[in-house]
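Here is the structure we will look at.
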Amino acid sequence: MECIAQYLDDLEDLCYAFVLIWERIRRTLHFAFFILVSVSLQAFGVVLALTAPPLAIATVALLLVWLLYRGAVSHHPNSPLPA
């Protein structure tokens, strides 16, 4: 009976070790995806600015308006609630 309990304990340790390793892998994949998207958007912006400057300026204006709106409307966790 003790042998079965020891076997199940080892199996549980193996499962938790796999979960911890998978979390590191998942975090690394998320970071790699973020970097890939960031670099590709920057490259797309440069190509757009070189090929169609008016369209690039319009895109930047839309992004700026979106960021200003988000900054004005969104609630920050450290800011006090309005009265």
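The long axis of helix 53-73 is offset from the longest Cα principal axis of the chain by roughly 60 degrees. Computed from point charges on the beta carbon alone (+1 for Lys and Arg, -1 for Asp and Glu), the dipole magnitude for the chain about its Cα centre is near 840 Debye. Just checking the listed ones, LEU55, LEU68, LEU41: in the Gaussian network model of the chain with Cα springs under 10 Å, the one fluctuating most is LEU68.
Computed from the C-alpha gyration tensor, the three semi-axes of the ellipsoid equivalent to segment 1-43 are 42, 4, 4 Å, from longest to shortest.
If you fit an axis through the alpha-carbon atoms of helix 2-51 and take the longest principal axis of the Cα set of the chain, what angle between them do you get, 0 to 90°, nearest 10? The helix 2-51 is inclined about 10 degrees to the chain. Between the residues LEU8, ALA58, HIS76, the greatest Cα displacement towards the positive end of the dipole of the chain, with unit charges on the Cβ of Lys, Arg, Asp and Glu, is found for ALA58. Principal axis extents of the C-alpha atoms in the chain (largest first, rounded to whole Å): 76, 47, 12.
Values quoted throughout were computed directly from the atomic coordinates according to the rules given, and no laboratory measurement underlies them. Note that the structure is a prediction, hence the values are computed from the model and not measured. Virtual Cβ from ideal backbone geometry, glycine too; neighbours counted across all protein chains shown.
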